[in-house]
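Trainee: The following block contains the structure, expressed as structure tokens.
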Amino acid sequence: MTDTQPLTEAERESLADALDDEYKARATYDRVIEDFGVVRPFVNIVEAEKRHISAVLALFERYGVAARQDRWTGSPPGFSSLSAACVEAVQAEIDNVAVYHRVIKSRKTMD
């Protein structure tokens, strides 16, 4: 446990949602690479998702909260084309912004 103020249930849920969304994004972009090869921007984005996961996991550790397990690895469906993957990726990033808006709203300052 750290010397930071404990998270509320809503804050823990928001943080868990953020981690789940990052896991989903990583798995989705891994699937694109699996289906279409090492293509940009996906090869770059998947590395960014890994950094995001590490950052969110660090918050779980900082606040002494157990992190959810990754439920996405190996489960995203494939895409019919690289173009379809790009469309999905854009929507996924828009959805990701919404998740973080909820996280921020649940706690204005996460020390």
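Values in this text are rule-based calculations from the coordinates and carry no lab data. In this text the structure is predicted, and so the values were computed from the model without any measurement. Because the Cβ atoms are built from the backbone with ideal geometry, glycine has one as well, and the counts that use them run over all protein chains shown.
Trainee: Modelling each spin label as a point 7 Å along the Cα-to-Cβ direction, I'd like the A84/A55 distance in nm, to one decimal.
Mentor: A separation of 3.2 nm, rounded to one decimal place.
Trainee: If the only charges are +1 at each Lys and Arg Cβ and -1 at each Asp and Glu Cβ, what is the size of the charge dipole of the chain around the Cα centre, to the nearest 20 debye?
Mentor: Working: 14 positive and 19 negative charges, 28 e Å.
Once rounded to the nearest 20, the dipole reads 140 debye.
Trainee: Also: At each listed q (0.11, 0.18, 0.23 Å⁻¹), what is the log10 of I(q)/I(0) that the Debye formula gives for the chain modelled as equal alpha-carbon point scatterers?
Mentor: For the chain, the Cα-only Debye profile gives -0.38, -0.87, -1.24.
Trainee: Just to confirm the number: angle between the C-alpha axis of helix 82-106 and the first principal axis of the chain, 0 to 90 degrees, nearest 10?
Mentor: Value to nearest ten degrees: 10.
Trainee: On a 0 to 90° scale, report how tilted helix 42-62 is relative to the longest principal axis of the chain, with both axes built from alpha carbons and the result rounded to the nearest 10.
Mentor: 10 degrees
Trainee: Please list, in order along segment 24-32, the HN-Hα scalar couplings obtained from phi with the Karplus expression 6.51 cos²θ - 1.76 cosθ + 1.60 (θ = phi - 60°), rounded to whole Hz, x for Gly and Pro.
Mentor: For segment 24-32, the Karplus curve yields 4, 4, 4, 5, 5, 5, 4, 5, 4 Hz.
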